Amino acid sequence: MASKFLIATSLISALCSTGALAQSKARPGLPIDALAKTVWIEEFDVSPDASLVAYKSAEAGTYDIWTSPTNGGAPKQLTKMPGREMNPEFSPDGKWIAFEADYRGVNVRDIYIIPSAGGQATRVTDSPLNDANPMWSPDGKTLYFVTDMFWDSSIAAYDLATRKITRVGPGGGNAGLSPDGKTFVFTRNQKPGDDDQSNNDIYTLPVSGGEPKLMTPNTFNALDSAPAWSPDSKSIAFVSDRNGFNNVGVIDAATGQAKMLLTENIEASEPRWSPDGKFISFTKNLNYQYHIFRMPASGGKAQQLTTRGGVNGGSSATGQTRGTHMWSAKGDEIFFYHSDPSMTGDVWAMKAAGGSERQITNHQDPALRDANLFVWPEFMEYTSFDGRKVAGLVYKPKGTKAGDKLPALFFFRANSNGQHPQQWHPYIQYFVSRGYLVFAPNFRGSTGRGKDYRQAVFTRGGEDDIHDAFIGMDMLAGQGWVDPKRVGAFGGSTGGFFTTAAATKDPTRLKAGVVWYGATDLVTLSTYASMEGWNKFLIGKTPMENPANYYGRSLIYHADRVKTPLLFLYAQGDSAARFQQIEQYGIQAEIHGNWYDWVVYAEEPHGWYHFRPDSTKKMLTSMSAMFDKFVLDDTGAPDVKAIAADQRKGTRVIRNPNIELWNSLANGKPPADGSADQPN
């Protein structure tokens, strides 16, 4: 105990002992090893008798299925496979757990089942296309799932006795089987030419097959999502933005009549029914902190259940807000995900009426269990260039004050409709602990502030949103918090695009940028069907129809004037289009003498939050060297190119992992690296 106390005390002392950061030297900061080992979990299920929780965890170095007793006891690792195991679902009798497993991070998923007490996993599907979202029949004899093996998002059935797979009918996202086992519910967007941000509808489908029934007609301009069956299978709770904000409603499954239970100017998500059908619980966004509420299923006043700040229960509607919550079968407890800026994501439980919160899993590294080591953000709201009120989160290093003129980093959010919630983020906490101010803008286009705010960036992605961000950072500089000559940026996926867009929009503003699997050429990106909706919404139509937008916001067409040093960090599971972006910009960078480098992390999927501890450690190491060298101008900073070259060793770049896997399976041969996707 003494050694742990001394570690924590010395860290706090290092973080708080000085005010202004020296011009060219950062603080020691939090230990990268401990940050990398502090994994989080967000997917879990509770056994029917509420004695066991099953969850996805990278505690052993890669993502596996684990179980933990809900009333205390040692966790148990159930799986150990080459890829990621995720999304566990207990069978109705609690004896089995169905789960998804991908192939070494390339996001080609199959379904397995394993005894909940431990043992050998049985493979249910063996397809080169995605099979996901396992759903048990009430009698436990059939396992349903959503699959692309029939070349669309179908619902299929696996008979556990005969091991035969049959197609039930069309399906989609958020699929769920009614408690009586007779009907599926799912979501789809079938609005012609939609941009994936304006419409989503709810459908039902009998287990006997047939044509889906549209449950949300005449709502082509609304996002209807998150369907959840009532215990008697007669009603469906859902979330809709039809009144301008995500609110909870209920649909009569027989008549299709919908009633909104909430009409607040506050965003709600994740409706869940109590087992007796009397209550609906849900999460609510309160300035990017999420709390679990419950209200009578017939409507009425909602009661806040959770008390801890941060993210409780999560929100599937907001991109980056991880987690979920669920009721126990008896209805006496609610199990939920909790995360905050000082604590990684874990499973907690509380009484159904609120209070008595207790932690079930603990993934915080022992060296980081002192909450005083971390910084909570300040909520920042300000007026942007056109009079619109925009928001963001500001993380200020301990012991600093206005006038210190700190080095600063933009952290741009992911997803075309994402947001920055107040949750655990090891990258933010690391750089703040080293003396950088981190500004995480929830600029226009972000979720959490209503439909109008989310759609205000339509066809203006990489323009008005970046303008919002610049104004926020300039305000912090005007208050003396930030040195405008020492500013960098980083972000993943859409956040990677925002990083390159910021460098393109203002070539002299950023001293360095780290791009996690972003885009440098929107024209190339538009040729991939999976990016069609993204391009239509953020950029506008197609390159042929809207050439100015695609040209103006693509980094490669402006390499002659953009001199920002850029480090590109990609995952092996990213599409060929994304890796091609490195090559395209690399050519231009070489021609114009721009500093750039890249790393592809083997066997990782798209999305840093799913990375294994070893890859997280490598990313933190390379990013730290990058910002120290270029933002701080620290002559003693490690050599970024040497780090990148070392991290690239042994990495085999797969241009299209799905095609390679397809070919290997079709030929009955293992992939070229000799690995096999089988449990140990």
Discussion item. If I fit a long axis through the Cα atoms of helix 494-505 and take the longest principal axis of the Cα atoms of the chain, what angle between them do I get, 0 to 90°, rounded to 10?
Written reply: 30
Practice prompt. Excluding residues fewer than 8 places away in the same chain, name every one of the lysines whose C-alpha is closer than 18 Å to that of Lys234.
Written response: Lys182, Lys213, Lys259, Lys278
Worksheet entry | Order by protection proxy (mean Cβ within 10 Å, highest first), peptides 184-193, 586-595, 421-430 | 421-430, 184-193, 586-595
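Taking a quarter of the surface of the Cα convex hull of the chain, what do you get in nm²? Write down the numbers at each step before the final one.
Details: hull surface 114.2 nm².
Dividing the Cα hull surface by four gives the mean projection, 28.5 nm².
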Item to complete: Rank by packing, highest mean first: peptides 466-474, 521-529, with packing defined as the count of other Cβ atoms within 10 Å averaged across residues.
Response: 466-474, 521-529
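Determine the relative contact order of the chain: mean sequence separation of Cα pairs under 8 Å and six or more apart, normalised by residue count, in whole percent.
On the way: 1696 pairs, mean separation 78.6, N = 680.
So the answer I get is 12 percent.
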Worksheet item: How much length is gained if the chain between Gln359 and Asn546 is pulled fully straight, taking 0.36 nm per residue apart and subtracting their Cα-Cα distance, in nm to one decimal?
Response: 62.1 nm
Item to complete: With everything on Cα atoms, drop me the angle between helix 613-630 and the longest principal axis of the chain, reported from 0 to 90° to the nearest 10.
Response: 30
Practice prompt. Could you grab the Rg to Rh ratio for segment 331-469? Cα atoms only, Kirkwood for Rh.
Written response: 1.04
Worksheet item: Sorted by packing (mean other beta-carbon atoms within 10 Å per residue), highest first, where do 401-412, 484-495 land?
Response: 484-495, 401-412
Discussion item. Along the Cα→Cβ direction, 7 angstrom out, place labels at Lys191 and Glu381. What is the inter-label distance in nm?
Written reply: 2.7
Discussion item. Can you give me the angle between helix 576-592 and the longest principal axis of the chain, using Cα atoms only, in degrees from 0 to 90, rounded to the nearest 10?
Written reply: 10
Practice prompt. Output the Cα-based Rg and Dmax of segment 31-170 in Å, rounding Rg to one decimal and Dmax to a whole number.
Written response: 15.4, 52
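Suppose R0 equals 35 Å; then what is the FRET efficiency for Asp474 and Ala529 from their Cβ-Cβ distance, rounded to the nearest 0.05? Don't skip to the end; give the middle numbers.
Working: r = 39 Å, r/R0 = 1.11.
Working from the Cβ atoms, E equals 0.35.
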Worksheet item: Once both labels are modelled 7 Å past Cα along the beta-carbon direction, what's the Lys25-Ile591 spacing in nm?
Response: 4.3
Worksheet item: Stretched out fully, how many nm does the piece from Asp252 to Gln455 gain, at 0.36 nm a residue minus the Cα gap?
Response: 70.1 nm
Worksheet item: Pairs of lysine in segment 31-170 with Cα under 28 Å and at least 8 positions apart or on different chains: total?
Response: 16
Worksheet entry | Computed [θ] at 222 nm, helices only, for the chain once each DSSP H run of length n ≥ 4 contributes -39500 (n - 2.57) | -5500 deg cm²/dmol
Discussion item. Please enumerate, by chain and number, the aspartates and glutamates with C-alpha under 19 Å from the C-alpha of Lys629, excluding those fewer than 8 residues away in the same chain.
Written reply: Asp483, Asp597, Asp639, Asp646
Response to the item:
Once the in-chain neighbours fewer than 8 apart are removed, the aspartates and glutamates whose Cα is under 14 Å from Lys541 read Asp194, Asp195, Asp196, Glu532
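Checking a compactness column here: for segment 273-393, what do you get for Rg(Cα) / (2.2 N^0.38 Å), N being the number of residues?
On the way: Rg = 16.3 Å, N = 121, 2.2 N^0.38 = 13.6 Å.
Computed over Cα atoms of segment 273-393, the ratio equals 1.20.
Bear in mind that the values in this text are calculations on the coordinates, not laboratory data. Computed from a prediction, not measured in an experiment: that's the story for all the values here. Note that we place each Cβ from the backbone using ideal geometry, even for glycine, and neighbour counts take in every protein chain shown.
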